[in-house]
Amino acid sequence: MPTTEPFAILATCDSCGARNRIPAARLADQGRCGACKAALRAVRRPREVDESAFAEVIRSARVPVLVDFWASWCGPCRMAAPEVEKLARVAEGEALVLKVNTESNPNLAARYEIRSIPAFLVFRDGAGCNAARRSHPMPRCASGWNIRAPKRDETNSGEPSVLRDT
């Protein structure tokens, strides 16, 4: 029975060039290089994820997570990409930015009822924030959103859930 490795990224140390494994729960933290002990910056660019990596990052993130649902053929998605990149740099250590390709991950798009792209969802404490749900055009600054999310929906077996307007 194959086991899957937990999601992690490899970060290269600016000081010595060593590659360091950073687990999902520590993506927003400043760490230390395992070889030279120099400071490693928090993730500061969007990370493309698949369904399993998405679930792990959302579940373990200690900071809000902006998720950009996109596709390579989508013109507005390509137009929003520089703003998403900029937001990831500005939010370093305070938020994470994930990208989900809806062509490669149609089940995720369906689960969160993504009907048009680009679409942006914000997750906090494993739950989605319906106040932060945006479809194009992307807001210029996510810090202007007043985001509050409840704790994880226990009725949904621990899966992240998006709140719906009623």
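The values are calculated or read from the model by the stated rules, or taken from the named source; none is laboratory data. For clarity, every value in this text was computed on a predicted model and none was experimentally measured. Every residue, glycine among them, receives a Cβ derived from its backbone with ideal geometry; neighbour counts consider all protein chains shown. Just so you know, the surface numbers come from the protein's heavy atoms only, side chains and all, with ligands and any DNA or RNA stripped out. Shrake-Rupley method; radii C 1.70, N 1.55, O 1.52, S 1.80 Å.
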Point to revise | Estimated distance in nm for a label pair at Asp29 and Ser15, the labels positioned 7 Å out from Cα along Cα-to-Cβ | key: 1.8
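Which of the three applies to the stretch 1-55, rounded, prolate or oblate, going by the alpha-carbon gyration tensor with a ≥ b ≥ c and a/c under 1.5 meaning rounded?
Values: a/c = 2.58, a/b = 1.72, b/c = 1.50.
Since a/c reaches 1.5 and a/b is larger than b/c, the shape of the stretch 1-55 is classed as prolate.
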Review point. Any idea of the accessible area per residue across the stretch 1-83, 1.4 Å probe, to the nearest Å²?
Key: 58
Check your understanding: Taking Cα centroids, how far is the stretch 90-118 from the stretch 1-72 in Å?
Key -> 16
Check your understanding: Using the Cα gyration tensor of the stretch 68-113, with a ≥ b ≥ c the square roots of its eigenvalues, what is the shape: rounded (a/c below 1.5), prolate (a/b larger than b/c) or oblate (neither)?
Key -> oblate
Practice item. Report, largest value first, the span of the C-alpha coordinates of the stretch 1-99 along each principal axis, in whole Å. Key: 43, 40, 23
Practice item. State the percentage of accessible surface on the stretch 39-84 attributable to carbon and sulfur atoms; use a 1.4 Å probe and exclude ligands, DNA and RNA. Key: 54
Check your understanding: Roughly how much of Phe7 is accessible, in Å² to the nearest 10, using a 1.4 Å probe?
Key -> 40
